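To start, the structure itself, in C-alpha cells.
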Amino acid sequence: MFARFFVFFFTLLSAGLSWAGPEIQHWTTDNKARVYFVPAPELPMVDISVVFDAGAARDAEQPGKAKMTAAMLDEGTDSMNADDIASAFANVGAKFGASSERDMAVFSLRTLTEKQAFEQAIDTYTKVLSKPAFPQSAFDRIQQTLLTGLQAENQSPQAIATRSFYENLYDQHPYSVMPAGNADSVQQLTPADLQAFYDRYYVSSNAVVVIVGALDRKQAEAVASRLTSGLATGKPAETLPEVKPMQQSQLINKSFPSTQTTIVMGQTGISRDDPDYFPLYVGNHILGGSGLVSQLSDELREKRGLTYGVYSYFKPMQQKGPYQFALQTRNEKAQEALTVLKNTLKKFIETGPTEAELTAAKQNITGGFALRVDSNSKIADYLAMIGFYDLPLDYLDSFNDKVEAVTVADIKQAFERRVNAETMLTVLVGGETTETE
Amino acid sequence: MLKLKNLAWLALLLPGIVQAQVSEFELDNGLKLIVKEDHRAPVVVSQIWYKVGSSYEYNGITGISHVLEHMMFKGTENLEPNEFSQIIARNGGEQNAFTGRDYTAYFQKLHKDRLEVSFKHEADRMRNLIIEPAELLKERDVVAEERRMRTEDNPQSLLREHFNAAAFMSSPYDHPIIGWMSDIQHYEADDLREWYQMWYAPNNATVVVAGDVEPKAVLELAKQYFGPLKPEIIAELKPRVEVAQRGIREIKVKAPAELPYLMMGWKVPGVTTVAEKNSWEPYALEVLAGILDGGNSARFAKELVREQQVATSIGAGNSLFSRLKDLFLVAGTPANGKTVDDLEVAVREQLERLKQTPVSSEELDRVKAQVVAETVYEKDSVFYQAMQIGMLETIGLDWMVGEQYVDNIKAVTAEQVQAVANKYFVDDSLTIAELVPLPLDGSRPVSNAGDAHVR
C-alpha cells in the first residue's frame with residue numbers, strides 16, 4: 001500500500017516540475033573570447049572561470065607540460081612573486097584555483113563583490129592570467145612537486161590502473177597521455193617550454209570566460225574584457241585527431257601489494273557532440289550510472305557483497321572519451337567480480353532495459369534537474385562545459401525533453417551499435433591477481 | 001602594496017547576509033526540527049541526525065554505528081531491501097548517509113515538492129527497521145570492502161588509524177569510525193537490533209530542512225509523519241574522559257608506499273570541552289590554524305613549501321567542534337630529498353615562533369577576512385548550511401554557535417594566539433606518527449597475514 005501510494009503521488013506532481021534552467025547570456029569580446037554569464041544577485045559574491053583549450057591533449061611529445069604550465073601561473077608575474085599573489089587573493093578572502101585535465105585548463109576565481117575586495121581580486125587574477133613570468137626558482141620547486149605527485153600515484157592502485165587504462169586505450173592518440181605526465185618528461189621540461197606553450201594556447205580566441213554572480217550585464221562585460229585584455233588574440237587550438245577504436249580485447253595484470261584488486265574496464269566511448277549521447281547516457285544511467293540503484297550495483301553489491309561501489313560512465317570529450325567501468329574487490333574475488341561485470345553488460349546490450357527501468361531512470365534524471373543547477377558553483381560548471389564544447393545555449397532547458405524522448409528501442413540500438421562487450425580493455429591491479437590468472 | 005589596512009569594509013558587508021532565517025521546533029515526542037529557508041532554487045535538503053557514532057561504541061563492536069547506517073537501506077516492515085533508495089531515485093532525489101565519531105546522518109536532496117517522500121520513509125525506518133541476518137552477512141562483506149578501499153590499501157589512512165589509537169587511551173576516539181576488521185566480520189543481527197533500539201528514536205534525532213520551504217508547512221509535515229513515533233529512554237553516555245597524557249608518544253607505521261608521511265597531534269579543548277572561563281581558546285586555536293595553513297599565503301605554504309622547501313604539502317587543522325576532547329593536527333609529506341625528521345624540525349620551529357612572537361596584524365586581518373568571505377561562500381550550498389546546523393545540534397551545541405563563529409573569530413587577538421600556542425603545543429601532550437615506506441615490489445603485504453586470521 002505504502003509504495004503504491006507514492007507512485008501515484010509522483011505522477012500527480014511530475015507535470016509541476018518544469019522549472020526552467022538559468023537564463024544564459026552569451027557574447028564574444030573584441031578579442032574573440034567567448035563569454036557565458038548568469039546573473040545571481042542573491043549573494044554578494046561572484047564565481048568566474050577562464051577556460052583554455054590547453055589541456056594535456058596539447059602536450060605533444062612533452063607529457064606534463066600543460067599541467068605544469070597551469071600550475072605555474074600563480075607562481076609569479078612580471079610584477080608579483082608567488083607570495084605577493086597569494087597574499088593579494090587571501091587578504092580579501094578571494095580563492096584562486098588552477099586545474100588541467102586532457103581537454104581543459106581551468107582557472108577559477110571566487111570573490112566577494114564588495115568593491116575593494118572585488119577590484120583587488122580581479123586585478124590579481126588578470127595579471128596571473130596574462131602576465132605569468134615562469135620564474136626559474138618556482139619552476140624548479142613545482143617540478144619537484146609534480147615528481148612527488150607521480151611518486152604518490154605509484155602507491156595508489158586506482159591511479160596505476162587509470163594510467164594503464166588510458167595508455168593502452170588511446171595508444172598513439174594525445175588522450176593516452178596522463179595530465180601528470182611521467183618522470184622522464186617532467187624532468188626535461190624547461191621554463192621556455194612552458195612559455196612557448198602559454199604563448200600558443202593561452203590566447204583569447206582559445207578562451208571561454210564564465211561568470212556567475214552578483215554582477216549586472218555591464219559589469220560582467222567589463223570584467224570579461226578586462227580579464228582577456230592582456231591576452232594575445234591568437235588562434236583557437238587545432239582540432240584533435242580522431243580516436244581509433246580498439247580492434248581486439250586486451251587484458252593487463254599488474255601486481256600490487258594491496259588487499260583489493262582494482263578493476264578498470266572499458267573502451268572508447270563518445271564525444272560531446274555525439275548524436276547517440278542521450279540514449280547512451282540514459283542507458284548507462286540504468287546500467288551503472290545511478291549509484292545504489294543501478295544494475296551493476298544491484299548485481300555486485302546488493303546481491304553478492306563483492307564491492308563497496310561499482311560504476312560505469314561515458315566521459316564525453318572533444319574526441320571520443322572513454323566508456324569506463326570500475327570497481328574494487330578483495331583479491332580472491334577479482335575473477336568472480338569481473339565475470340559478473342561482463343555478464344551484466346552483455347545482458348544489457350542484448351536485452352536493453354525494461355520499460356519500468358527506463359521510466360524510473362527518466363523520473364530520476366528529470367525530477368532531479370533542479371538539484372543540478374541549485375548553486376552558483378554548479379551553474380558555473382555547466383557554463384564552462386557548454387562554452388568549451390560549444391553546446392547550444394538551451395542545453396539545460398532542453399535537457400529534460402531530450403531525456404524524455406529516449407525509448408527502450410533507442411537505448412538498445414545505441415548500445416548494440418556503440419558498445420562491444422567483446423572488445424574490452426581490462427586492467428587489473430592488485431595482490432594475488434597474477435597468481436590466479 | 002596589496003595589503004588592506006583594516007577590516008572596516010568587511011564589517012559593513014556582514015549584516016543582511018548572515019541573518020539567516022532559521023526556525024526551530026520540538027515535537028511532543030522529543031524530535032527536534034530546524035528549518036532554514038533559502039529560496040534561491042526550488043530545492044530542499046532534508047537531513048536527519050542521530051546522536052550516535054563511533055565514539056558511542058566500545059571494543060568488540062567498533063564500527064557498528066556505521067554498519068547500522070548501511071542496514072538502514074535494507075528494508076523495513078513496509079519496504080524491501082534497497083527500496084528506500086529506489087523510491088528516492090524515482091522522485092528525482094539524491095540521497096546518502098554518513099557516519100562520524102559523534103553522529104550518524106541521512107539525507108535527501110529533492111525538488112521542494114517532494115519533502116513528504118523523505119519524511120514518510122525516514123519516519124518509517126526510524127522505528128520499523130528489519131535486520132535480516134542474510135542481508136547483514138552481505139553488508140558485512142560490503143563494509144569490509146569499504147574498509148579495504150579506504151584504509152588497508154591506503155598508507156596514509158593506515159597511519160592515521162594507528163596514530164589515533166596511540167593518541168587516545170580511554171577516550172572512544174581511539175578507534176576508527178569504520179571499525180576494526182575483526183569487529184566488522186563478527187557483528188550479529190542481534191548486535192545491530194540492540195544498537196538500533198538504543199539510539200534510533202525521535203527524542204535522539206534532529207531533523208534539519210533547508211531550502212525553498214515554509215517553516216510552518218514543514219512543521220505540519222513533520223507532525224504528520226514523525227509525530228506518532230514513540231520516544232525511547234535514551235541511556236546516558238558514560239563520560240569516558242581521556243586520561244591525562246604523561247609524555248610524548250612516538251610511533252612508526254610500516255606499509256607499502258613510495259612517500260613518507262608525518263603526523264603530529266596535540267590535545268586541545270574544543271567548544272564543548274573548554275572550561276567556561278577560557279571559552280575563547282578554541283577560537284584562538286582556530287585562528288592559529290589559519291595563520292599556519294589558511295591557504296597559499298599562510299606560513300606553511302609560504303615558508304615550509306616555498307622558502308625552505310622542506311615540505312611538498314603540509315596542513316594544519318583544529319578540532320573546534322568535537323563532542324570530546326580532541327587534537328590539533330599537523331600532517332605533511334617531506335619534499336624530495338628531505339626527511340620526516342627535517343619536516344618535524346621545521347614544524348617545531350614554526351610553533352616556537354608562534355610562542356615567542358605575536359602574529360602580525362596583517363596576518364590576523366588576513367585570517368579574519370578569509371573567515372568572513374567563507375561565511376558568504378558557504379551560503380551557495382544549501383547542503384552545507386543544513387550540515388552545519390545538524391552537526392552542532394548533534395554534538396550538544398546550539399545551532400546559533402555556528403552563527404556566532406565569525407564574531408568569535410573576529411574577537412581573537414594576537415596575544416591570545418600566542419597564549420594558546422604556549423599553553424597547548426607542549427611535548428607532554430604530543431603524539432607523533434611516521435609512515436615508513438616498505439617497497440612496492442608486489443611482494444605479499446604485511447597486512448594480508450593479519451587479515452587471514454580473522455576470516
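The values are calculated or read from the model by the stated rules, or taken from the named source; none is laboratory data. Keep in mind that this is a model prediction, so the values were computed, not measured. Note that we place each Cβ from the backbone using ideal geometry, even for glycine, and neighbour counts take in every protein chain shown.
Worth pointing out:
- Boolean, B:Ala335 is farther than 24 Å from B:Pro172 by Cβ, without any contact (Cβ under 8 Å) to a residue 60 or more places away in the chain and within 14 Å of chain A (Cβ to nearest Cβ): yes
- Extreme residue, nearest to the other protein chains (Cβ to nearest Cβ), among residues of the stretch B:355-396 that are of a type in the set (Val, Ile, Thr) and part of a loop (DSSP other than H, G, I, E, B): B:Val359
- Some residue of the stretch A:362-382 being more than 26 Å from the chain's Cα centre (by Cα) and among the aliphatic types (A, V, I, L, M): no
- Index of the failed condition, B:Glu122 passing every other in (1) within 9 Å of chain A (Cβ to nearest Cβ); (2) acidic (Asp, Glu); (3) touching a residue at least 60 places away in the same chain (Cβ under 8 Å): (1)
- Taking the listed residues A:Lys342, A:Lys362, A:Lys346, the one that is within 12 Å of another protein chain (Cβ to nearest Cβ) and among the charged types (D, E, K, R) is A:Lys362, with no other qualifying.
- Residue match in the stretch A:309-332 (condition: in a helix (DSSP H, G or I), more than 12 Å from chain B (Cβ to nearest Cβ) and out of contact with any strand residue (DSSP E or B) (no Cβ under 6 Å at 6 or more places or on another chain)): no
- Within the set A:Leu391, A:Leu428, the sole residue that is farther than 30 Å from A:Asp47 by Cα, modelled with pLDDT of 95 or more and outside any helix (DSSP H, G or I) turns out to be A:Leu428.
- Any hit, the stretch A:228-250, residues being at negative phi and assigned to a helix (DSSP H, G or I): yes
Here's the yes/no breakdown for (1) closer than 28 Å to A:Leu147 by Cα; (2) more than 14 Å from chain A (Cβ to nearest Cβ); (3) more than 27 Å from the chain's Cα centre (by Cα):
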residue	(1), (2), (3)
B:Lys216	no, yes, yes
B:Pro228	no, yes, yes
B:Lys254	yes, no, no
B:Pro260	yes, no, no
B:Gly270	no, yes, no
B:Ala275	no, yes, no
B:Phe300	yes, no, no
B:Arg306	yes, no, yes
B:Gln309	yes, no, yes
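- Any hit, the stretch A:153-172, residues being surrounded by fewer than 20 Cβ atoms within 10 Å (Cβ to Cβ), among the small types (Gly, Ala, Ser) and in contact with a Gly (Cβ under 6 Å, 6 or more places away or on another chain): no
- The set of residues in the stretch B:336-348 that are touching a helix residue (DSSP H, G or I) at 6+ places or on another chain (Cβ under 9 Å) and in a helix (DSSP H, G or I) comprises B:Leu343, B:Ala346, B:Val347.
- Enumerated helices (runs of 4 or more DSSP H) restricted to the stretch B:51-153, each holding at least 3 residues that are surrounded by 24 or more Cβ atoms within 10 Å (Cβ to Cβ) and within 20 Å of the chain's Cα centre (by Cα): B:64-71
- Of all residues in the stretch A:48-88, those that are closer than 15 Å to B:Arg306 by Cα and of a type in the set (Ser, Thr, Tyr) total 1.
- Qualifying residue in the stretch A:290-301 (condition: farther than 30 Å from A:Ser398 by Cβ, surrounded by fewer than 23 Cβ atoms within 10 Å (Cβ to Cβ) and out of contact with any Asp or Glu (no Cβ under 8 Å at 6 or more places or on another chain)): yes
- The stretch A:70-100 - residue that is buried (at least 18 other Cβ atoms within 10 Å of the Cβ), among the hydroxyl-bearing types (Ser, Thr, Tyr) and outside any helix (DSSP H, G or I) and, of those, nearest to the other protein chains (Cβ to nearest Cβ): A:Thr77
- From B:Asp141, B:Asp174, B:Asp153, residue being in contact with a Gly (Cβ under 6 Å, 6 or more places away or on another chain) and acidic (Asp, Glu): B:Asp141
- Of all residues in the stretch A:46-89 being in contact (Cβ under 8 Å) with a residue 40 or more places away in the chain and of a type in the set (S, T, N, Q), the one that is farthest from A:Ala117 (Cα to Cα): A:Gln62
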